[in-house]
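Q: Structure below; questions to follow.
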Amino acid sequence: MEASLGIQMDEPMAFSPQRDRFQAEGSLKKNEQNFKLAGVKKDIEKLYEAVPQLSNVFKIKDKIGEGTFSSVYLATAQLQVGPEEKIALKHLIPTSHPIRIAAELQCLTVAGGQDNVMGVKYCFRKNDHVVIAMPYLEHESFLDILNSLSFQEVREYMFNLFKALKRIHQFGIVHRDVKPSNFLYNRHLKKYALVDFGLAQGTHDTKIELLKFVQSEAQQERCSQNKSHIITGNKIPLSGPVPKELDQQSTTKASVKRPYTNAQIQIKQGKDGKLMKQSKTVDVLSRKLATKKKAISTKVMNSAVMRKTASSCPASLTCDCYATDKVCSICLSRRQQVAPRAGTPGFRAPEVLTKCPDQTTAIDMWSAGVIFLSLLSGRYPFYKASDDLTALAQIMTIRGSRETIQAAKTFGKSILCSKEVPAQDLRKLCERLRGMDSSTPKLTSDIQGHASHQPAISEKTDHKASCLVQTPPGQYSGNSFKKGDSNSCEHCFDEYNTNLEGWNEVPDEAYDLLDKLLDLNPASRITAEEALLHPFFKDMSL
Ligand code: ADP
Ligand code: MG
């Protein structure tokens, strides 16, 4: 069973000739490390040069994170009387949009500092270089600890994530990039922190003033002809009206970080509620998946809601490719629909993947659901897809194609799917992937360690995932709690840490919550506030 998921075990080291190879590899690794260290040292020097005032306050020790948009450093500082403090310095790339930077900072200053949302201590700027100084939280790598977490720890992790999400959602912040590397977890101290508001957007009634001026990708695309330029003025306003010249720029973190070209995905505006076309994507997807019997290909169409506004095609033209796997020339001439899509593909909600223009805080709850899915199944990343339609097809293999299609209708999208796939039983799926069902030989934690970094569903293993969908359910041990059996549940919560760390008796409440997080319909998806009150957390207090 596990082999069908593409898990490869390392060959045992048996013979001495291998030793030479390992010695050579060892010295290669050392060289690599030295090279890296030299690179980090150089970067630190450059940062001191770019923002010289940092050297008055901080000793920068190491680089702890590097993305397309920022580098994060560990520094120490003697900020107040007492011992040296550890500080995280986030150096934003100079091409980041000033409004974007100021909005990120405002999220941290207004909503941060409590309820597991990272706060901010200082912000430094020289010219176009901005450095945000935050309290440093030492944290684990999600993948490293995934298979050693007790069930109780998973419960605490999710509870604390919802606490952070409730806090930011109350401020009308949609984080848009909820994933383990943005939710820091110190296992030893039981501390948590939601970080990285670099892609955040505001709800229509957001309390974060600057989020009102942050352009979505959709807006950026609309004004992508505008020439971008960088403002290096003296002030980044954290409140009050936004200067006109800042408001009109188009370069943002999102646009640099996740450039989407038309070739990657084309979900086009339809007419008569019938059309959409993502011509190339369909081709790519078909090519990727159609070689296998159980391949799924998908098409997403706009329903009537959006039809009038974005179609550049004369309304009188009727299309003849509806419900086929072709894209006609009429559809090719239609203007592409734009909607916010920032974030990480494997964590994107269906309404993001289908470019629904009305996106709410519910998208963060979906991402939290994907994290929970990883925690329950022991697989990270759970979904791995390079484009949105593949990601959508992957979601269908878990949540069902009919269900996905039906939910999409509620937010104005029609999805065509070449093959019907049933929804999976979440408990059976997670237990099978974790190796806990009785039909699968038990995995030792060591072997699980090997397996955990394999995505449960990837492009490479899509067909296998489909096989997984179709695998007849294994014999289920049946020793879990039934819904409504509250006495035995309470009893179980006390014993999570003793009984196989709780993993052999995961209560139904866990899968009920997972089901509500992975609700395909954003309007009925559970909110963070509701999640905290879910029976899964019944003995935990805020
Ligand atoms: P990016 O926009 O580049 O993803 P993040 O804000 O997510 O930037 O930070 C990148 C990484 O730096 C995080 O995944 C985390 O490992 C580390 N990091 C960020 N902030 C802190 C902090 N306050 N304390 C400790 N580590 C941090
Ligand atoms: Mg990040």
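Q: Could you work out how far apart the two model spin labels at Asn504 and Lys419 are, taking each label as a point 7 Å from the Cα in the direction of the beta carbon, and quote it in nm?
A: 3.6 nm
Q: I would also like to ask the following. With the crude spin-label approximation of a point 7 Å out along Cα→Cβ, what separation in nm comes out for Glu530 versus Asn186?
A: 3.4 nm
Q: Among 203-212, 502-511, what's the highest-first ranking by average C-beta atoms within 10 angstrom per residue? Working shown, then result.
A: Details: 203-212: 17.2, 502-511: 20.4.
Packing proxy ranking, top to bottom: 502-511, 203-212.
Q: Please work out the C-alpha center-to-center distance from the range 152-203 to the range 67-134 and express it in whole Å.
A: With the range 152-203 and the range 67-134 each reduced to a Cα centre, they are spaced 17 Å.
Q: Another question, if that's okay. With a 1.4 Å probe and all protein chains kept in place, how do Leu28, Leu137, Leu376 rank by accessible area, largest first?
A: If we order Leu28, Leu137, Leu376 from most to least accessible, we get Leu28, Leu137, Leu376.
Q: Net charge around Pro522, counting only other residues with Cβ within less than 9 Å of its Cβ (Lys, Arg = +1; Asp, Glu = -1)?
A: -2
Q: At a Förster radius of 25 Å, what calculated FRET efficiency corresponds to the Cβ-Cβ distance of Glu49 and Lys29, to the nearest 0.05?
A: Once rounded, the FRET efficiency stands at 0.25.
Q: How long, wide and thick is the range 333-413, going by the Cα atoms along their three principal axes, in whole angstroms, largest first?
A: Result, largest extent first: 44, 26, 24 Å.
Q: Please give me the summed charge of the neighbours of Arg399: other residues whose Cβ is under 11 Å from its Cβ, Lys and Arg +1, Asp and Glu -1.
A: Once positives and negatives cancel, what remains is -2.
The values are calculated or read from the model by the stated rules, or taken from the named source; none is laboratory data. Please read these numbers as outputs of a predicted model, since none were measured by experiment. Reconstructed Cβ throughout: ideal geometry from the backbone, glycine too, with neighbour counts over all protein chains shown. Each accessible area value is taken on the protein alone, full model and side chains, heavy atoms only, with ligands, DNA and RNA left out. Shrake-Rupley method; radii C 1.70, N 1.55, O 1.52, S 1.80 Å.
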